[in-house]
Amino acid sequence: MRTGELTVAEAYKRIAMIRRFEERVLALSREGVVAGSVHLCLGQEAIPVGALAALQPRDRILATYRGHGWALACGSDPAAVMAEIAHRQPGINGGRAGSALLSDPDVGFLGENSIVGAGVPIADGVALASLVHGSRRVVLVSIGDGAMNQGAATEGMVFAAARNLPVIFVCENNGWSEMTPIASINRRADLAERGTALGIESHVVDGTDPFTVRDAVADAAAKCRAGNGPVLLECKTVRLSGHYTKDIEHYRPKDDIAAAAAADPLTRLQKGDCGGQQLDDADRHRIDQHLTKLIDEITAAVREMPPPSPMSALEHLYASPSPTPASPQNAPAELTYQRAVNLALKDELEARPDLLVYGEDVGQAGGIFGVTRSLQKQFGNSRVFDTPISEAAILGSAVGAGLEGVPTVVEIMWADFMLVALDQIINQAANIRYINRSKLSTPLTVRTQQGVTPGSCAQHSQSLEALLAHIPGIKVGLAATPQDAYDMLRAAIADPDPTVLIEHRALYQTTGSVSTGGQIQRAEGARKHRDGRDLAIITWGASLGDVIAAADELAEEQIHATVLDLRWLRPLDDAAIARATADASGRILIVHEACTTGGFGAEVAARIYERHFGTILDPIRRLGATDVRIPSAPTLQQAVLPSKSAITDTARELAQKRAADPAIR
Ligand SMILES: Cc1ncc(C[n+]2csc(CCOP(=O)(O)OP(=O)(O)O)c2C)c(N)n1
């Protein structure tokens, strides 16, 4: 539908195609052929039809969750779209996405978003990639009027304005924020004013007239291509049906329903109310007949299609391993952890001309901890840059850039701040490869730092790795040494899947011997730091230092502990855990700085019990922070955190049980 002149007959045909399609989906939903809630775009079809008539095949579209019309307007095969909605194997996403998350990258449709507003920052990243590639590609993202009240929507617009991105934000204002009239929520009638306030060129557009939409999008696209984007278009439109297929609209006044019917774009086209010309009756009849036959054929085909095979449910969570690149190995040098991270970024920025590094204060200032110092000077403001304080936009844009194959390393200043934008990691990044069966992926690296340091407050000190490691689809690592800080960051950047690396600011000034260059590792694998058969201490991140110190102290007492640094919590090195468990005859102590309850130590303990039950002679012990909030006063912090002496005492207890056990000695 992207090409060809938009005559009145053509506009009628394209809009009626979506209309008949949606009506059939409604019928199939009522019949039970389509499971779950389905959100139809009845009444709103002129927006995708008008927009796509103005865009080029190279441009990219991201849509609201009410987005079947966008997929069809982009040129997706209607049978494959209907098959997806009906959860059939030949669906465009093989039944993995369903109605509200479908995507079709082959036609430039990067997908709907079932988290309202979340597509806005992602579109920013797609636009960033357009600048990196010099492709003059324009990105259009549509959201509803209700979604305009999401923080992600505002953050995404702020970010686009800050970076001058070629994005067209389309607000499909149908007057309803789900079941609540938008007028009862918003003080001002025109949402376009919000864009104006952000310095974004913004217009109110008649969204039931495909020609007006086309002209507005054409003008916006020209501005974006000329480097004058972004643009916000508020398309006023109507919803001709309920919020979802089973909505009886008990909340909706009759006059609102009547007003919507009067603005129906198909009626307007028939009356000659838009496009400057009345639709010929014979043309209309011919188009209607053609569409009825087409939709009947598609429906019949979809009814016969098989559901996805249950055997396929585990496929495409992560990329299959592939060889990693290598560079010449340099002689080891004594470096701080912070400098090791900085060098990894520098080496990868040199090796990958499309890599972007950004975040709050990352550019000119070189990061609040100096980790990115001098990188902007070396690589320029288009590759290493500062962002607004908009975590959803930072993470979402990284997701979007990744969709176009542009790798990013984004910094979230404190792990605690990630909580305001977790959606972009958990609902967005983690889903992309799986939903798209590897046709799309998002190779982004999030760097953050966490943990307790003297005086840090409860909102600047949490250890959140378990929260992230819980999520399939992302990888999570914590480097404990300068060498691993260098190696794991390069591994994360080389990895084709979204990766979160959690540093600890108490480690930044620690030093160690670091070999730079060389073969890039895979984003996986634990590391053994000490070898001993009396017990195994399993740890990660900043706790490693205390664990090694405790193990060295115990060694003087002839208690020998294996020290295993897990490094990567997802994927988890089960084989290394199994070896350590076997070597220590099942005497295990797990140490982490995160709170004990629900900490990742619980997962490690559960796996050991599940997989090595026969070798476990004593209860596995865990040492984590006590289950309270992290206080700011250093004396209180020490009362909460696992101390080196607690590690030594617990390890000694475990080892002494071993000494007392005649079955072992
Ligand atoms: C972040 C988020 N909050 C709430 C919802 C639940 N929800 C689904 S659709 C919807 C209404 C969105 O209204 P609007 O953006 O105006 O889109 P419309 O339904 O009018 O197309 C809501 C609240 C959601 N999907 N995502």
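Each reported figure results from applying straightforward, stated rules to the coordinates on display, with no laboratory input. Keep in mind it's a predicted model, so treat the numbers as computed, not measured. Ideal geometry is used to build each Cβ from the backbone, glycine not excepted, and the neighbour counts take in all protein chains shown.
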Check your understanding: Among the residues of region 180-187, is there at least one that is within 26 Å of Met17 (Cα to Cα), outside any helix (DSSP H, G or I), within 15 Å of the ligand (Cβ to nearest atom) and not β-branched (Val, Ile, Thr)?
Key -> no
Exercise for review: Being more than 15 Å from the ligand (Cβ to nearest atom), of a type outside the set (S, T, N, Q) and under 23 Å from Gly117 (Cβ atoms) is the filter here, so list the residues in region 85-101 that pass it.
Suggested key: Ile85, Arg96
Point to revise | Candidates Asp219, Asp215 - the one that is closer than 22 Å to Ala197 by Cα, acidic (Asp, Glu) and in a helix (DSSP H, G or I) | key: Asp219
Check your understanding: of a type outside the set (S, T, N, Q) and assigned to a strand (DSSP E or B), is that true of Leu335?
Key -> yes
Exercise for review: Taking only region 102-117 into account, find how many residues are over 19 Å from Ala160 (Cβ atoms), within 12 Å of the ligand (Cβ to nearest atom) and surrounded by fewer than 24 Cβ atoms within 10 Å (Cβ to Cβ).
Suggested key: 1
Review point. Being in contact (Cβ under 8 Å) with a residue 24 or more places away in the chain, closer than 15 Å to Leu419 by Cβ and in contact with an Asp or Glu (Cβ under 6 Å, 6 or more places away or on another chain), is that true of even one residue in region 492-503?
Key: yes
Review point. Taking into account only those residues within region 225-248 that are more than 29 Å from the chain's Cα centre (by Cα) and either touching a residue at least 60 places away in the same chain (Cβ under 8 Å) or under 16 Å from Ser142 (Cα atoms) (or both), which is farthest from the ligand (Cβ to nearest atom)?
Key: Lys246
**Study point:** Filter result for the condition that a residue is assigned to a loop (DSSP other than H, G, I, E, B) and surrounded by fewer than 20 Cβ atoms within 10 Å (Cβ to Cβ), over Arg239, Arg252, Arg303
**Key:** Arg252
Revision key, fill the gap. Of Val158, Val167, the only residue that is more than 13 Å from the ligand (Cβ to nearest atom), over 16 Å from the mean Cα position of the chain (by Cα), more than 25 Å from Gly50 (Cβ to Cβ) and of a type in the set (Val, Ile, Thr) is Val158
Review point. Taking Lys377 and the conditions (1) in a helix (DSSP H, G or I); (2) farther than 23 Å from Val139 by Cβ; (3) touching a residue at least 12 places away in the same chain (Cβ under 8 Å), which numbered condition does it fall short on, given that it satisfies the others?
Key: (3)
**Study point:** region 118-139 - residue that is within 16 Å of the ligand (Cβ to nearest atom) and within 16 Å of Asp59 (Cβ to Cβ) and, of those, surrounded by the fewest Cβ atoms within 10 Å (Cβ to Cβ)
**Key:** Ala123
Review point. So which residues in region 565-608 are free of Cβ contacts under 8 Å to residues at least 24 places away in the same chain and on the phi > 0 side of the Ramachandran plot, if there are any at all?
Key: none
Check your understanding: Which residue, of Gly75, Gly95, is out of contact with any helix residue (DSSP H, G or I) (no Cβ under 6 Å at 6 or more places or on another chain) and of a type outside the set (Val, Ile, Thr)?
Key -> Gly95
